[in-house]
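Novice: I have a structure here, written as structure tokens, and I will follow up with some questions on it.
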Amino acid sequence: MTAYRDRTEAGQVLADRLTALIGEPDVVVLGLVRGGVPVARVIAERLGAPLDVLVVRKLGMPWAPEVAFGALGPRGVRVVNEVVADQLGPDDIAEVQHREQAELNRREQLYRAGRPPLDLTGRIAVIVDDGLATGATARAGVQVARELDARRVVVAVPVGSQEAYEMLAAEADQVICAQRPPTFAAVGAYYDDFHEVSDAEVTDALTATA
């Protein structure tokens, strides 16, 4: 597998695979906060489409945060996997949801900065992340986009595991994954530069493409 220099190069590779959307009305490119935003910025510029952020917070099991029992999204969207959530008591659910809602609110307030709430009604939502390990965050993003009445949901990622790809292919209208290594390591293993994306980098991207 070829490593990307950075998220900008990854975005260029994905943009080449999304050219069919150039000129398509109602496209909006959504960077999953935070790592997906620099990738999404390149795609939005190439497609001539608006860039926005999709703030999704997984609701993780208290003893295994990587296992999601649901997710929260903007405009009060809440998606719950009842089978998993049934393993928890109401107090545990409330505690996790309270913590993640607070962080979602913080990020929404910071990134929106007076911009209107995210509205996907009738839009083609292109959800972008920097990679898929378990795919849980992207899956939550797809579910949130559906709840926000997107007409079509496309997931675009530079690299991902085969398992995550297949899971998302069953939920999104289209999944574009540039590389699917047979043995998947951490997402950062496929980048030379995989620095932690800062809040400032996200807000700069949104300002530059406004």
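Novice: Quick one: putting +1 on the C-beta of Lys and Arg, -1 on the C-beta of Asp and Glu, what dipole do you get for segment 115-210 around its Cα centre, in Debye to the nearest 20?
Specialist: Dipole of segment 115-210, to the nearest 20 debye: 440 debye.
Novice: Follow-up question, since we're still on this one. Once every DSSP H run of n ≥ 4 in the chain is given -39500 (n - 2.57) and the sum is divided by its residues, what mean residue ellipticity at 222 nm do you get, rounded to the nearest 500 deg cm²/dmol?
Specialist: -11500 deg cm²/dmol
Novice: Percentage of Cα-Cα pair distances in the chain greater than 27 Å, rounded to whole percent?
Specialist: 27 percent
Novice: Taking the Cβ of V56 as the centre, find all other residues whose Cβ is under 15 Å away and add up their charges (Lys, Arg: +1; Asp, Glu: -1).
Specialist: Combined, the nearby Lys, Arg, Asp and Glu give +2.
Novice: Let me ask something else. A10: net charge of surrounding residues, Cβ under 12 Å, Lys/Arg +1, Asp/Glu -1, itself excluded?
Specialist: Result for the neighbourhood of A10: -3.
Novice: So what is the relative contact order for segment 63-165, in percent, with contacts set as C-alpha pairs under 8 Å and at least six apart?
Specialist: Answer for segment 63-165 is 29 percent.
Novice: Magnitude of the Cβ-charge dipole of segment 48-146, K/R +1 and D/E -1, about the Cα centre, nearest 20 debye?
Specialist: 460 debye
Novice: So who's got an amide H within less than 5 Å of the one on V27, skipping anything under 5 residues away but keeping other chains? H placed 1.01 Å off N, in plane.
Specialist: Amide H to amide H, under 5 Å and 5 or more residues apart or across chains, V27 pairs with I124.
Novice: Can you list residues whose amide H is under 5 Å from V33's amide H, if they're 5+ apart or on another chain and H is modeled 1.01 Å from N?
Specialist: Amide H neighbours of V33: L54, V56.
Novice: Compare P116, P74, P38 in a GNM of the chain, Cα atoms joined below 10 Å, and give the one with the largest fluctuation.
Specialist: Fluctuation is largest for P116.
Novice: Could you tell me how far the Cα centroid of segment 156-210 sits from the Cα centroid of segment 62-78, in Å?
Specialist: One Cα centre to the other: 19 Å.
Novice: Assigning unit charges at the beta carbon (Lys, Arg +1; Asp, Glu -1) and nothing else, what dipole magnitude in debye, to the nearest 20, does the chain show about its Cα centre?
Specialist: About 420 debye.
Novice: Something else about it: Report the one residue of G135, G114, A164 whose Cα lies farthest in the direction of the positive end of the charge dipole of segment 79-210 (charges on C-beta: Lys and Arg +1, Asp and Glu -1; origin at the Cα centre).
Specialist: Comparing the listed Cα positions along the dipole, G114 ranks first.
Only the coordinates and a few stated rules stand behind these numbers; no lab work does. A quick note: this is a predicted structure, and the numbers were derived from the prediction, not measured. So basically every Cβ, Gly included, is an ideal-geometry build from the backbone, and we count neighbours across all protein chains shown.
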